[in-house]
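Written below as structure tokens is the structure these notes are about.
The values are calculated or read from the model by the stated rules, or taken from the named source; none is laboratory data. Here the structure is a predicted model, which means the values were calculated and not measured. Quick reminder, even Gly has a Cβ in these numbers, built from the backbone with ideal geometry, and neighbours come from all protein chains shown.
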Amino acid sequence: MRIDPTLQMVCTRYRERLGWPVVADPARNSARVFIGDLISALVVPADEARTVLSRALAADVRCAVFSDAIGSRWTFLVRPSYAPLCDHQVVRRGEHVALPSLPGVVLATGLRWVVEPQPLDALSDLGALTTAAAPLVAADR
């Protein structure tokens, strides 16, 4: 299947500027990041995600965050590490997650950045994110 030139440019920018393991999905016209040795993803319902993000920023946890098309859940992207158990969905290794377009480039994915992407080596790890979110999880019990 032929890859749209805009999609190819977006994937190249993710790889070259950010160091992210991104591939083109021409069937969905989306850039997809591989969850594995370089990137982890934590999916949080939107009503809790604002608090998780606030606590992460207060703890100096650096992450990229995007919202799904209807705004019902946010995906936090960080580097992988051991993470304490949490009530949120950690995306399994080996899966691909669709990404929003980069700022200034439009792909019709419906996804939007809440916290813009950063170079891979600037991201904090999953353990730091789940630790920052832990007070929220503990408060719910």
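A few notes on this one:
- If you go through the range 117-129 and keep only what is of a type outside the set (S, T, N, Q), closer than 19 Å to Ala59 by Cβ and part of a loop (DSSP other than H, G, I, E, B), you end up with just Leu123.
- Thr75 vs. criteria closer than 20 Å to Val90 by Cβ, in a strand (DSSP E or B) and not hydrophobic (A, V, I, L, M, F, W, C): yes
- Qualifying residue in the range 105-113 (condition: hydroxyl-bearing (Ser, Thr, Tyr), at pLDDT 90 or above and more than 14 Å from the chain's Cα centre (by Cα)): no
- Some residue of the range 17-28 being under 19 Å from Asp121 (Cβ atoms), in a helix (DSSP H, G or I) and not aliphatic (A, V, I, L, M): yes
- Being over 12 Å from the mean Cα position of the chain (by Cα) and not polar (S, T, N, Q) is a description that applies to Ile3.
- Close Cβ contacts (under 9 Å, 6 or more residues apart or on different chains) running from residues in the range 68-92 that are within 23 Å of Ala122 (Cα to Cα) to residues that are modelled with pLDDT under 85 and in a loop (DSSP other than H, G, I, E, B) comprise Phe76/His88; Val90/Ala83.
- Complete set of residues in the range 82-104 that are more than 18 Å from Ser72 (Cβ to Cβ) and at pLDDT below 70: Ala83, Pro84, Leu85, Cys86, Pro103, Gly104
- Looking across the range 9-57, the residues that are closer than 15 Å to Thr109 by Cβ and without any contact (Cβ under 8 Å) to a residue 60 or more places away in the chain come down to Cys11, Ala24, Pro26, Ala27.
- Checking each residue in the range 16-75 for being of a type in the set (Ser, Thr, Tyr), touching a helix residue (DSSP H, G or I) at 6+ places or on another chain (Cβ under 8 Å) and either surrounded by fewer than 14 Cβ atoms within 10 Å (Cβ to Cβ) or modelled with pLDDT of 90 or more (or both) picks out Ser40, Thr51, Ser67, Ser72.
- Members of the range 78-96 that are of a type in the set (S, T, N, Q) and part of a loop (DSSP other than H, G, I, E, B): Ser81
- Of all the residues in the range 29-72, those that are hydroxyl-bearing (Ser, Thr, Tyr) and assigned to a loop (DSSP other than H, G, I, E, B) number 1.
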